[in-house]
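Presented below is the structure to which this report refers.
The values are calculated or read from the model by the stated rules, or taken from the named source; none is laboratory data. Model, not experiment: these values are computed from the prediction. Counting neighbours? That spans all protein chains shown, and the Cβs are built from the backbone with ideal geometry, glycine included. SASA here: full protein model, heavy atoms, side chains in, ligands and nucleic acids out. Shrake-Rupley method; radii C 1.70, N 1.55, O 1.52, S 1.80 Å.
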Amino acid sequence: MPELVDGLDSKSSAFGFVGSSPTAPIPPMPVHPVMDTYSRYPLTLKKGKGCWLWDDQGRRYLDCVAGIATCTLGHSNRAMQKALSRQLGRLQHVSNLYRIPEQEQLAGWITGHSCADRVFFCNSGAEANEAAIKLARKYGHTRRGIERPVILTAQASFHGRTLAAVSATGQPKYHQGFEPMVEGFRFFPYNDTAAFEALLQECEAEGPRVAAVLLEPLQGEGGVNPGDPAFFARVRQLCDERDILLIFDEVQVGVGRSGCLWGYQNLGVEPDAFTLAKGLGGGIPIGVLAVNRRADVLRPGEHASTFGGNPFACRAGLTVVAELERRQLVAHAGRMGELLAGLLGELVDRHPQQLAGVRGWGLLQGLVLQPEGVTAAELVAEAMAHRLLLVPAGPAVVRFVPPLVIKPRQLRLAVQRFEAALTRLVASRAAAAPANQALTKEAA
């Protein structure tokens, strides 16, 4: 199996992952009733409006995290308040034993604006990818006659925390302490056509084995790595030749964040299925598996979700997509993404010893750091002291994922605050260096 990559990011504990071990000492009981699965920043947020958040001390922060690419319309959006209040006055939840008009309306909007023909609703990105994995296995069994189907996915990927979704994730740190992983996944380097072709040939040397290829159009948690159109075109071609499903994980990049409505539109290829979550609900939990006719293989009783597609969550989704259209936020995200990339590029030019480059699509931009310099975790913490909220994407990439409603002056302010944080962090490091050298000599 190709070697998997590893790195720190926003899903890791304290943005610095610590794996578990059966021989590790048992930690003391927590002093609060919430399980100790997050090492949180010492920040308590109390309210928000648009791209701004306030903490319990009344301090105001410019939010370029948006709940990690989730709060599409920003905080306390008026349209969301009105629509969800009305929905609560009518109906918040019924079982999928019955038809749900809001669900059908949202499914109709998604299929009417994408390459999909049908939609399954759940509650999160992990659940959506779990559904995609089950769909792929069913397809492998029924359409390709595979007894033990394999799904090919990329190194540095992130697909969720459920056992199957984390097994599909090409980062070993997420596997530690939860072995054995679910079988049936093989990994290859992202955007590497030769490696993909070699792995596909190896897997199918003695007949059909591969049910699906699962890829992010842009790897978010893995370091803000955009897909290469030529690579994706070749993957699409090989999947068509062998009757293999091509599935895209658009949990982070979908619903307008890339400057296109869907991430796959940046690549010039259409998947057979794609997953959504995060930005679709604007902060309300929702997940989607959208499929074309060829991939529509799940039948009654084969998959379900108690809360998936309930009226409240679907009303949130309907409100988000209505606001995307009314306010032309997809095009706005594209323009703001160009502005942000340009501002960050100028920042790289001013600080070449610390910053290496910028990459991303739309309002999902990654600022790449130079090796051996300050880390993403350090910069995010320092930016917080300058009233700017950011999130790492690995140890050497700082991610900017603001609400899609952000304005040019707010982006300029974000970059100004980030530069102030970077300058202060570098200066404090330089000031500490002579003292550390002196201590080293004294110890010697």
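With over 20 Å from the mean Cα position of the chain (by Cα) and open to solvent by less than 10 Å² (accessible area, probe 1.4 Å) as the only criterion, which of 177, 145, 140, 170 stands out? None of the others qualify; the one that does is 140.
Conditions first: (1) within 23 Å of the chain's Cα centre (by Cα); (2) part of a loop (DSSP other than H, G, I, E, B); (3) polar (S, T, N, Q). Residue 353 passes all but one, so which condition is the exception? Tallying (1) within 23 Å of the chain's Cα centre (by Cα); (2) part of a loop (DSSP other than H, G, I, E, B); (3) polar (S, T, N, Q), residue 353 fails exactly one: (1).
Here's the yes/no breakdown for (1) aliphatic (A, V, I, L, M); (2) farther than 29 Å from residue 324 by Cα; (3) part of a loop (DSSP other than H, G, I, E, B); (4) modelled with pLDDT of 95 or more:
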position	(1), (2), (3), (4)
104	no, no, no, yes
126	yes, no, no, yes
130	no, no, no, yes
146	yes, yes, yes, yes
159	no, no, yes, yes
186	no, yes, no, yes
190	no, yes, yes, yes
208	no, yes, yes, yes
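Of all residues in the range 411-419, at least one satisfies being touching a Cys at 6+ places or on another chain (Cβ under 6 Å), at pLDDT 95 or above and either more than 27 Å from residue 42 (Cβ to Cβ) or open to solvent by less than 10 Å² (accessible area, probe 1.4 Å) (or both).
Among the residues of the range 400-407, are any surrounded by 16 or more Cβ atoms within 10 Å (Cβ to Cβ) and at pLDDT below 95? Within the range 400-407, none of the residues are surrounded by 16 or more Cβ atoms within 10 Å (Cβ to Cβ) and at pLDDT below 95. Scanning the range 333-352 for any residue that is open to solvent by less than 30 Å² (accessible area, probe 1.4 Å), at pLDDT below 95 and not charged (D, E, K, R) turns up nothing.
Return the residue satisfying two criteria in turn: it lies in the range 192-206 and is part of a helix (DSSP H, G or I) and small (Gly, Ala, Ser), and of such residues it is least open to solvent (accessible area, probe 1.4 Å). Among those residues, the one meeting the criterion is 195.
Against the criterion of being of a type in the set (A, V, I, L, M) and part of a loop (DSSP other than H, G, I, E, B), residue 164 does not qualify. Summed over the range 356-391, residues that are more than 20 Å from the chain's Cα centre (by Cα), among the charged types (D, E, K, R) and on the phi < 0 side of the Ramachandran plot total 2. Counting only residues that are in a helix (DSSP H, G or I), of a type in the set (A, V, I, L, M, F, W, C) and farther than 24 Å from residue 375 by Cα, the range 307-350 holds 15 of them. Among the residues making up the range 253-272, those that are among the charged types (D, E, K, R) and farther than 20 Å from residue 341 by Cβ are 270, 272.
Residues that are buried (at least 17 other Cβ atoms within 10 Å of the Cβ), acidic (Asp, Glu) and either at pLDDT below 95 or within 29 Å of residue 78 (Cα to Cα) (or both): does the range 355-377 have at least one? Checking the range 355-377: not a single residue is buried (at least 17 other Cβ atoms within 10 Å of the Cβ), acidic (Asp, Glu) and either at pLDDT below 95 or within 29 Å of residue 78 (Cα to Cα) (or both). Could we say that residue 153 is surrounded by 22 or more Cβ atoms within 10 Å (Cβ to Cβ), at pLDDT 95 or above and closer than 24 Å to residue 291 by Cα here? It is true that residue 153 is surrounded by 22 or more Cβ atoms within 10 Å (Cβ to Cβ), at pLDDT 95 or above and closer than 24 Å to residue 291 by Cα.
Condition check ((1) touching a helix residue (DSSP H, G or I) at 6+ places or on another chain (Cβ under 9 Å); (2) open to solvent by less than 40 Å² (accessible area, probe 1.4 Å); (3) more than 27 Å from residue 400 (Cα to Cα); (4) among the aromatic types (Phe, Trp, Tyr)) across all residues:
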residue	(1), (2), (3), (4)
259	yes, yes, no, no
267	yes, yes, no, no
272	yes, yes, yes, no
294	yes, no, yes, no
297	yes, yes, yes, no
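One residue stands out in the range 61-93 among those that are over 30 Å from residue 379 (Cα atoms) and in a loop (DSSP other than H, G, I, E, B): the one that is most open to solvent (accessible area, probe 1.4 Å), namely 92.
Filtering 78, 118, 60, 143 for residues that are basic (Lys, Arg) and in contact with a helix residue (DSSP H, G or I) (Cβ under 9 Å, 6 or more places away or on another chain) leaves a single hit, 118.
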